[in-house]
Amino acid sequence: MGKEIQQVFQRKFDKVNSIVDKYERKVSNLIAILQEIQAEYRYLPEEVLTYVATALGIPPATVYGVATFYTQFSMKPKGKYIIKVCDGTACHVRHSEKLRYLVREKLGLDDSKDTTDDLGFTLETVSCIGACGLAPVVTVNDDEVYGQMTPEALAIVLDELIAKESAEQQTKEQQEKSDQRPARNGQAGESDDGKGCQGC
Ligand code: FES
């Protein structure tokens with residue numbers, strides 16, 4: 001295993017350790033532990049579930065059983081933006097299907113793929129979310145609720161999210177590049193006057 005991959009794993013398990021410690025490594029807190037891990041990674045990675053089982057001293061099958069029983073947990077990576085299109089009766093009769101097609105088309109998703117490759121977006125179809133008076137309804141990350149949506153209005157929302165995500169990715173990449181760039185000033189033998197370090 002390369003050094004970089006090892007470091008990523010180490011960081012991942014450091015975070016998991018701090019979560020299980022926070023819940024005093026108690027089996028009775030397993031659901032809360034899994035909720036917090038999912039909030040961190042946006043899904044429950046298999047190797048993390050095994051790690052949690054070891055940390056709590058219980059069989060991995062017990063942890064997997066809980067993770068797969070509750071619909072709130074996902075074993076598949078999810079996107080940063082989770083777009084839920086309601087397809088309950090009230091939304092369905094108001095053409096929610098057209099909204100779903102639009103999201104798929106814009107994000108390049110299909111029946112076999114509900115999350116974009118860059119983990120930017122996930123499309124979920126849900127039954128009634130309790131806002132039938134606003135049908136058809138779309139939500140983004142459960143925070144923003146868009147009622148009486150039309151394909152045109154949803155296209156604008158999606159375009160804004162795509163632009164925002166793209167800008168954030170670019171900023172992140174630039175930040176990573178600048179973090180990897182070796183610091184020049186102040187390094188021995190590389191002082192600006194070309195005479196090398198005089199103080200050591
Ligand atoms: S059917 Fe969509 S909110 Fe109720």
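What follows is calculated from the coordinates using simple rules that are stated; it is not laboratory data. Everything numeric here is computed off the predicted structure, so don't read it as measured data. When we count neighbours, we look across all protein chains shown, and the Cβ atoms used for this are built from the backbone with ideal geometry, even at glycine.
With contacts taken as Cα pairs under 8 Å and at least 6 residues apart, the range 6-69 reaches a relative contact order of 29 percent.
This ranking places Ile58, Ile129 by how few other beta-carbon atoms lie within 10 Å of each, fewest first, which gives Ile58, Ile129.
The long axis of helix 46-56 is offset from the longest Cα principal axis of the chain by roughly 80 degrees. Relative to the longest principal axis of the Cα atoms of the chain, helix 96-107 runs at roughly 20 degrees. Going by alpha carbons, how many degrees (0 to 90, nearest 10) lie between the helix axis of 151-180 and the longest principal axis of the chain? The angle comes out at about 10 degrees. Taking every alpha-carbon pair within the chain, the share separated by more than 30 Å comes to 44 percent.
Here the chain is treated with +1 on each Lys and Arg Cβ and -1 on each Asp and Glu Cβ, and its dipole about the Cα centre works out to around 400 debye.
Among the listed pairs Lys106/Lys164; Lys12/Lys80; Lys22/Lys84; Lys106/Lys172; Lys76/Lys113; Lys84/Lys113, those whose Cα-Cα separation exceeds 20 Å are Lys22/Lys84; Lys106/Lys172. Summary of the geometry: the range 29-84 and the range 126-154, compared by the centres of their Cα atoms, lie 27 Å apart. Across the range 81-176, the relative contact order, built from alpha-carbon pairs under 8 Å that are at least six residues apart, equals 35 percent. In terms of surrounding Cβ atoms within a 10 Å radius of their Cβ, Thr54, Thr116, Thr71, Thr171 rank from fewest to most as Thr71, Thr171, Thr54, Thr116.
Each of Lys164, Lys106 has some number of other Cβ atoms within 10 Å of its Cβ, and from fewest to most they run Lys164, Lys106.
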